[in-house]
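Right, one structure below, let's go through it.
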There are 2 protein chains.
Amino acid sequence: MSSPWPAPWVAKAMCESKVYLATDEGEELVLEDVISIRPEGDGYLLVNLFGQQAHVRGRIKEIDLLKHRVIVEPAS
Amino acid sequence: MSSPWPAPWVAKAMCESKVYLATDEGEELVLEDVISIRPEGDGYLLVNLFGQQAHVRGRIKEIDLLKHRVIVEPAS
C-alpha cells in the first residue's frame, strides 16, 4: 500500500531563489535564499530564509523558477 | 561515508508557483505550475511546466516562494 503522504522531495522542496541586478557588466547578485519579494518604493524589498533583507531598485525583468533566479533591471 | 550527491529532495525540488490576480472579491487563479514570468505589455507573460501560457495584466504585488504563490494586482 502506498503512503498517503507526499513524497519527501515534494514536502521538503526548497524554493529560495537568487536575486540578481542586471547591469552593463552582467548580473550582480543582490541576495540569495530569497523567499519573499514585495514592491517597495522604486524597487523591491527582498527577504531571505535567514531573515536578511535587501532593497533592490528597478523592475522585474525575469523570474525563472526552474533555475531559482529572479532578475531585476534598472527602471528605464 | 556520506553520499557526494545532494539529497533527493534537493535535486528534485519542484518550484513551480501558482499565479493569482488580486481582485476585489479575493484572489483569482490565473495559471498554476508556472516556471517563467516575464514582463510583456502592460503585465506579464506566464509559462508553466506544460508549456501553457497566459498573460496577466497588472504588476507584481507579492512573490512568496515558500508558499509557491505570486500575486499580481491591477496597475493603479
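Could you give me the residue pairs with C-beta distances under 9 Å whose first residue belongs to the range A:16-29 and is within 17 Å of A:Arg59 (Cβ to Cβ), whose second residue is of a type in the set (Gly, Ala, Ser) and loosely packed, with under 12 Cβ neighbours inside 10 Å wherever it lies, and which are 6+ apart or on separate chains?
From residues that are within 17 Å of A:Arg59 (Cβ to Cβ), the pairs are A:Tyr20/A:Gly26.
Out of all the residues in the range B:28-49, which are farther than 20 Å from A:Leu45 by Cα, modelled with pLDDT of 95 or more and surrounded by fewer than 16 Cβ atoms within 10 Å (Cβ to Cβ)?
Once the filter is applied, which keeps residues that are farther than 20 Å from A:Leu45 by Cα, modelled with pLDDT of 95 or more and surrounded by fewer than 16 Cβ atoms within 10 Å (Cβ to Cβ), the range B:28-49 yields B:Glu28, B:Leu29, B:Glu40, B:Gly41, B:Asp42, B:Leu45.
Counting just the residues of the range B:65-76 that are surrounded by fewer than 16 Cβ atoms within 10 Å (Cβ to Cβ) and within 12 Å of chain A (Cβ to nearest Cβ), which one comes out modelled with the lowest pLDDT? I'd like the intermediate steps shown before the answer.
So in the range B:65-76, the residues surrounded by fewer than 16 Cβ atoms within 10 Å (Cβ to Cβ) come out as B:66-67, B:69, B:74-76.
If we keep only those that are within 12 Å of chain A (Cβ to nearest Cβ) too, we end up with B:66-67, B:69, B:75-76.
On the way: B:Leu66: 91, B:Lys67: 93, B:Arg69: 96, B:Ala75: 86, B:Ser76: 71.
Among residues in the range B:65-76 that are surrounded by fewer than 16 Cβ atoms within 10 Å (Cβ to Cβ) and within 12 Å of chain A (Cβ to nearest Cβ), the one modelled with the lowest pLDDT is B:Ser76.
Quick one: count up the residues across the range A:18-51 that are closer than 24 Å to B:Pro74 by Cβ and either outside any loop (DSSP other than H, G, I, E, B) or among the β-branched types (Val, Ile, Thr) (or both).
Of the range A:18-51, the ones closer than 24 Å to B:Pro74 by Cβ are A:36-46.
Next, only the ones that are either outside any loop (DSSP other than H, G, I, E, B) or among the β-branched types (Val, Ile, Thr) (or both) stay: A:36-40, A:43-46.
Qualifying residue count, the range A:18-51: 9.
The values are calculated or read from the model by the stated rules, or taken from the named source; none is laboratory data. Keep in mind that what you see is a predicted model, and the values were worked out from it rather than measured. Every residue, glycine as well, gets a Cβ built from its backbone with ideal geometry; the counts of neighbours run over all protein chains shown.
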